[in-house]
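Have a look at the structure below, then the notes.
The values are calculated or read from the model by the stated rules, or taken from the named source; none is laboratory data. This structure is a prediction, so every number in the text was calculated from the model and none was measured. Glycine also receives a Cβ, built like all others from the backbone with ideal geometry; neighbour counts cover every protein chain displayed. The protein model used for the area step is the full one, side chains on, heavy atoms only, and it has no ligands, DNA or RNA in it. Shrake-Rupley method; radii C 1.70, N 1.55, O 1.52, S 1.80 Å.
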Amino acid sequence: MFIMLIGLVTFIALMGFTLGPRMGLSWPEKFMRDTVGFVQGVFYKPASYIAGFFEDVRDMKEVYEENERLKKAVAQYARESAEYNLIKNDNKVLKDNLKFTEAQKQRYEYDYRPANVLSVNQDPNNHTLVIDLGAKDGARLNMSVTSVEGMVGVISHVGNFTSTVKLLTTLDPQDAKRQQIAATVSNKDTFGIIESYDKKTKMLKMTRIPEDDPVKVKDLIVSSGNGGVIPRGMIIGTVESVEVGEFGLNKTATIKPAASFQDWKTLLVVFTPEEPKG
């Protein structure tokens with residue numbers, strides 16, 4: 001009983017000391033404050049670090065997603081830009097071909113059918129190419145094939161769906177099966193035969209020109225239509241030089257081909273009114 005009384009008095013004294021006016025904290029209060037502050041610091045810093053980590057992760061995810069969207073946008077732009085350029089180029093080619101064929105139709109009433117080049121044989125002794133126009137489309141042997149610039153060659157073989165075109169660059173006077181082309185100047189009464197191609201100079205040779213023929217340098221040479229195989233008016237090239245032929249009885253002209261004979265994608269097959277169109 002006495003011990004309980006002493007404890008009660010001690011408790012009341014401590015309460016009075018704590019609640020009464022003081023200049024500072026007691027050492028037990030300081031201890032508790034420091035302990036609580038330390039514990040809060042121990043838990044608060046890792047928590048703030050974790051919160052900051054997840055915030056950084058969220059920011060990184062947003063940046064990544066935005067980056068992916070930008071990549072897709074750039075890729076889409078590149079595809080659309082390429083597609084636009086292709087369409088623009090195709091449109092230009094078609095317009096050029098249309099102008100060319102319309103001008104020819106008005107003059108000679110031929111039918112020009114576009115054909116895509118499927119393959120090219122670069123063998124200098126058998127320079128040919130394959131086009132996607134065949135018998136089912138009305139293609140026939142010896143039909144003329146031209147580019148927008150000028151005559152390219154003639155069809156030498158016809159399949160159901162494709163045809164082989166033998167180029168003017170294969171003309172060889174030693175070849176008994178060669179296709180000679182009767183030619184003339186576009187605005188003059190002249191005559192000659194395109195009979196060979198020089199692989200070194202990349203020039204055509206026009207022979208059998210009469211001695212008094214008015215052909216001269218820079219004249220435009222076209223097919224005359226004589227012989228019934230090559231239709232008239234096919235642009236062949238321009239005269240680079242004129243020389244006196246053997247024995248002085250005729251002239252020989254060097255012709256620069258109008259066609260470039262390279263990088264073809266689309267050509268035109270010439271259907272004449274006399275040819276069956278299938």
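Report yes if residue 228 is in contact (Cβ under 8 Å) with a residue 60 or more places away in the chain and not in a helix (DSSP H, G or I), otherwise no.
no
Looking only at the stretch 196-215, how many residues end up being within 24 Å of residue 148 (Cα to Cα), at pLDDT 90 or above and open to solvent by 10 Å² or more (accessible area, probe 1.4 Å)? Let's see the steps before the verdict.
Taking the stretch 196-215 and keeping what is within 24 Å of residue 148 (Cα to Cα), we get 196-199, 201-206.
Filter once more, so that each one left must be at pLDDT 90 or above: 196-198, 201-206.
With open to solvent by 10 Å² or more (accessible area, probe 1.4 Å) added as a condition, the list becomes 196-198, 201-203, 205.
Residues meeting the conditions: 7.
Can you confirm whether residue 196 is part of a loop (DSSP other than H, G, I, E, B) and of a type in the set (Ser, Thr, Tyr)?
Details: part of a loop (DSSP other than H, G, I, E, B): no; of a type in the set (Ser, Thr, Tyr): yes.
Spelling it out, it is not the case that residue 196 is part of a loop (DSSP other than H, G, I, E, B) and of a type in the set (Ser, Thr, Tyr).
Could you tell me whether the stretch 253-270 includes any residue that is aromatic (Phe, Trp, Tyr) and either surrounded by 16 or more Cβ atoms within 10 Å (Cβ to Cβ) or not assigned by the TED database to the domain that holds residue 151 (or both)?
Residues of the stretch 253-270 that are aromatic (Phe, Trp, Tyr), as a first pass: 261, 264.
Keeping just the survivors that are either surrounded by 16 or more Cβ atoms within 10 Å (Cβ to Cβ) or not assigned by the TED database to the domain that holds residue 151 (or both) gives 261, 264.
Taking every residue of the stretch 253-270 in turn, at least one turns out to be aromatic (Phe, Trp, Tyr) and either surrounded by 16 or more Cβ atoms within 10 Å (Cβ to Cβ) or not assigned by the TED database to the domain that holds residue 151 (or both).
Regarding the stretch 241-251, can at least one residue be identified that is in a strand (DSSP E or B), surrounded by fewer than 16 Cβ atoms within 10 Å (Cβ to Cβ) and modelled with pLDDT of 90 or more?
Among the residues of the stretch 241-251, at least one is in a strand (DSSP E or B), surrounded by fewer than 16 Cβ atoms within 10 Å (Cβ to Cβ) and modelled with pLDDT of 90 or more, which makes the answer yes.
Just checking: which of the strands (runs of 3 or more DSSP E) contained wholly in the stretch 110-178 hold 2 or more residues that are surrounded by fewer than 18 Cβ atoms within 10 Å (Cβ to Cβ) and polar (S, T, N, Q)?
Passing ranges, in order: 111-121.
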Checklist outcome for this item: When the stretch 118-156 is checked residue by residue, the ones that are more than 29 Å from the chain's Cα centre (by Cα) and within 18 Å of residue 264 (Cβ to Cβ) are 143, 156
Checklist outcome for this item: Per the list (1) of a type outside the set (Asp, Glu); (2) over 19 Å from residue 226 (Cα atoms); (3) in contact (Cβ under 8 Å) with a residue 40 or more places away in the chain, residue check on residue 161 breaks on (3)
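Among the residues of the stretch 252-264, which ones are assigned to a strand (DSSP E or B) and of a type in the set (A, V, I, L, M, F, W, C)? If you could, list the steps in order and put the result at the bottom.
Residues of the stretch 252-264 assigned to a strand (DSSP E or B): 252-257.
Within the stretch 252-264, 253, 255 meet the criteria.
Which residue out of 204, 267 is over 16 Å from residue 182 (Cβ atoms) and in a strand (DSSP E or B)?
Working: 204 fails: over 16 Å from residue 182 (Cβ atoms).
Of 204, 267, the one residue that is over 16 Å from residue 182 (Cβ atoms) and in a strand (DSSP E or B) is 267.
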Next on the checklist: Quick check on the stretch 180-193. Is at least one of its residues open to solvent by less than 50 Å² (accessible area, probe 1.4 Å), assigned by the TED database to the domain that holds residue 138 and among the acidic types (Asp, Glu)?
Outcome noted: no
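Could you please let me know if residue 205 is more than 29 Å from residue 111 (Cα to Cα) and of a type in the set (Lys, Arg)?
no
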Checklist entry - Taking the condition at pLDDT below 90, touching a strand residue (DSSP E or B) at 6+ places or on another chain (Cβ under 7 Å) and open to solvent by less than 40 Å² (accessible area, probe 1.4 Å), does residue 231 pass? => result yes
